[in-house]
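Below is one structure; the comments refer to it alone.
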Amino acid sequence: MKILLTGGTGYIGSHCALALLQAGHSVTLLDNLSNSDAAVVSRIRQLYQPQSAEAAELSFIQGDIRDEVLLERLLSTQRYDAVMHFAGLKAVGESWLQPADYYQHNFNGTLLLASLMQKHQLPCLLFSSSATVYAASATALDEQSPCAPASPYGRSKYFVEAMLKDLQQANPAFSVILLRYFNPAGAHHSALLGEAPCGTPNNLLPFVAEVASGQRDEIQVFGDDYPTADGTGVRDYIHVEDVAQGHVLALQQHQAEPGVHLYNLGRGQGYSVLQVIQAFEQSCGRVLPYRITTRRPGDLPSTVACADKAQQLLGFTARRDLQQMTDDAWRWQQQLQQRPVVQPQLSPITDKATTGQDGVKHEPC
Ligand code: NAD
Ligand code: UD1
């Protein structure tokens, strides 16, 4: 297949791009680089070592999903079999401060993309949704669990899901795949791809990694009075390479199957904040200082997936455990600090900014 992958130089998108290439699918990355680096393209290329001349191809376009002229030109001149849509904003706290930006990028951007896809009769859109759409629950969350997103970010995801369902109903030939990720974590085992948050990390794993590397003094544990085994928050962490594998399986299964296909991507196993810290201590070989602080507003005690549907219908199992997530996160963190400012390698298709047959500018990568 030939896949357009928005947000393709980001954390999850880059891992999915590599997994798609390795599964034999050609990939065009579209990203405005607002939260990623074009050097990621070279690293995906470095990891993807094609075995034959008919190998899958990788290309990159720097652009914004809200740019209607760009999207129109791209979708009218290229025949994609599917779009995997990762581009968007994802910080819960920021979404309270700048809700309009979240609805602009996440909702309006997706509406434009999906509308143009339908106009040009592209058959399949896979959307990055989130466990954040669910209401609090003391038990594992399955795809039928009630939804009650508690932030502008969460609502932008929930509204996009509803909008895509409506578009699909009006265009029954369309295939919509909605994947609700729980807590993606870790990095590629090569340590060439991973998450590089700007400023103070919002999420636990990147924060712990920065304490382990000495960039920060101590971890703040947000509350130890939750009704969980050790009192700290419990989450369903899933290795980002498993997340990527889930995308390939979902796409291969449903690309040509009209309808709405909704899956959780999780492991079905919860770990507390203290368990994550312990696993990271094993990975980095030292004791990590932490301090118990007050609860973070909006946090739930425990969020764990029921992962049965993806296993039964897609044959998906998240194989990598918490220790592998923290091992890979630590390797990535170490090389992040050692890496000089990278001048990305130039490749034949992107040596210089060119305008391809599609009339679209291919920026240097
Ligand atoms: P990320 O920020 O690393 O990747 C998103 C990419 O989209 C970035 O490279 C950014 O430059 C790009 N982008 C942002 N707005 C854009 C726009 N308007 N046009 C073009 N490119 C744009 O984030 P990620 O962790 O890889 O998340 C990918 C998707 O998965 C997001 O939609 C996010 O909401 C969703 N998600 C992530 C998590 C998580 O824990 N990382 C959990 C659930 C859902
Ligand atoms: C957060 C978002 C969620 C989003 C997900 C993406 C909130 C409220 N939720 O989920 O919408 O989909 O990221 O990855 O922001 N913790 C600490 N100290 C820290 C950081 C976190 O103790 O410095 C705790 C939290 O209280 C929580 C657990 O670690 O119990 C995981 O937190 P985090 O990584 O931020 O993920 P979520 O809150 O699950």
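The HN-Hα couplings worked out from phi for the stretch 255-266 by the Karplus form 6.51 cos²θ - 1.76 cosθ + 1.60 (θ = phi - 60°) are 4, 10, 10, x, x, 10, 10, 10, 9, 7, 10, x Hz, whole numbers, x standing for Gly and Pro. Residues of the stretch 205-240 with an amide N closer than 17 Å to a point placed 7 Å from the Cα of HIS189 along the Cα-to-Cβ direction: 238-240.
In a fully extended conformation the segment linking SER26 and GLN51 would gain 7.6 nm over its present Cα-Cα distance, using 0.36 nm per residue.
Only protein heavy atoms count here; on that basis, with a 1.4 Å probe, GLU72 has an accessible area of about 50 Å². Considering only the chain, what is the antiparallel percent among its DSSP beta bridges, to the nearest 5? Rounded to the nearest five, the antiparallel share is 10 percent. What is the local net charge at LYS309, summed over the other residues whose Cβ is closer than 11 Å to its Cβ (Lys, Arg +1; Asp, Glu -1)? Charge balance in the 11 Å sphere: -2. Averaging the sequence gap over all C-alpha pairs within less than 8 Å and six or more residues apart, then dividing by the number of residues, gives the stretch 1-150 a relative contact order of 24 percent.
Residues within the reach of a label modelled at GLN169 (point 7 angstrom out along Cα to beta-carbon, backbone nitrogen below 18 Å), restricted to the stretch 110-137, are 111, 115. The packing ranking of peptides 58-70, 284-296, 40-52, highest mean first, is 58-70, 40-52, 284-296, where packing means the average number of other beta carbon atoms within 10 angstrom of each residue.
Couplings for the stretch 222-230, taken from phi via the Karplus curve 6.51 cos²θ - 1.76 cosθ + 1.60 with θ = phi - 60°, read 7, x, 10, 10, 7, x, 10, 4, 10 Hz in order; Gly and Pro are left as x. Listed values for the stretch 127-141 are Karplus-derived 3J(HN,Hα) couplings in whole Hz (6.51 cos²θ - 1.76 cosθ + 1.60, θ = phi - 60°), namely 10, 7, 9, 8, 5, 5, 6, 7, 6, 4, 8, 7, 10, 4, 8, and x replaces Gly and Pro. Computed over the chain with a Gaussian network model linking Cα atoms closer than 10 Å, the most mobile of ASN203, ASN108, ASN32 is ASN203.
Normalised per residue, the accessible area of the chain is 44 Å², obtained with a 1.4 Å probe and no contribution from ligands, DNA or RNA.
Between LEU262 and LEU178, the built amide H atoms are under 5 Å apart, and every one of these is 5 or more places off in sequence or on another chain. Averaging the Cα positions of each part gives two centres, and for the stretch 263-297 and the stretch 82-128 these lie 30 Å apart.
Against the criterion of solvent-accessible heavy-atom surface with a 1.4 angstrom probe, LYS90, LYS119, LYS157, LYS2 sort, most first, into LYS119, LYS90, LYS2, LYS157. Here's how it looks for TYR290: its modeled amide H is under 5 Å from those of ILE219, which are all 5 or more places away or on a different chain. Springs join every pair of Cα atoms under 10 Å in this Gaussian network model of the chain, and among ALA23, ALA250, ALA170 the largest mean-square fluctuation is at ALA170.
Taking the empirical scaling 2.2 N^0.38 Å for compact globular proteins as reference, the chain has a Cα radius of gyration ratio of 0.96.
The distance between label points at ALA100 and ASP37 comes to 3.3 nm (points 7 Å beyond Cα on the Cα→Cβ vector).
Taking GLY88, GLY154, GLY24 in turn, the Gaussian network model of the chain (Cα-Cα springs below 10 Å) assigns the largest fluctuation to GLY24.
The charge dipole of the chain, taken about its Cα centre with unit charges on the Cβ of Lys, Arg, Asp and Glu (plus for the first two, minus for the last two), comes to roughly 200 debye.
Dividing the mean sequence gap of close Cα pairs (under 8 Å, 6+ apart) by how many residues the chain holds gives a relative contact order of 20 percent.
Roughly what would the spin-label model give for ALA136 and THR200, points 7 Å off Cα along C-beta, in nm? Placing both labels 7 Å along Cα→Cβ, they lie 2.4 nm apart.
For LEU112 and TYR290, a Förster radius of 51 Å and the Cβ-Cβ distance give a FRET efficiency of 0.70, rounded to the nearest 0.05. Taking amide H as placed 1.01 Å from N in the peptide plane, the amide H of SER130 sits under 5 Å from that of TYR181, each at least 5 places away or on another chain. The accessible surface of the stretch 109-157, taken with every protein chain in place and a 1.4 Å probe, is 54 percent carbon and sulfur.
The values are calculated or read from the model by the stated rules, or taken from the named source; none is laboratory data. Since we're looking at a predicted model, the values are computed, not measured. No Cβ is skipped: glycine too gets one built from the backbone with ideal geometry, and neighbour counts run over all protein chains shown. Please note that ligands, DNA and RNA were not included when accessible areas were found on the heavy atoms of the full protein model with its side chains. Shrake-Rupley method; radii C 1.70, N 1.55, O 1.52, S 1.80 Å.
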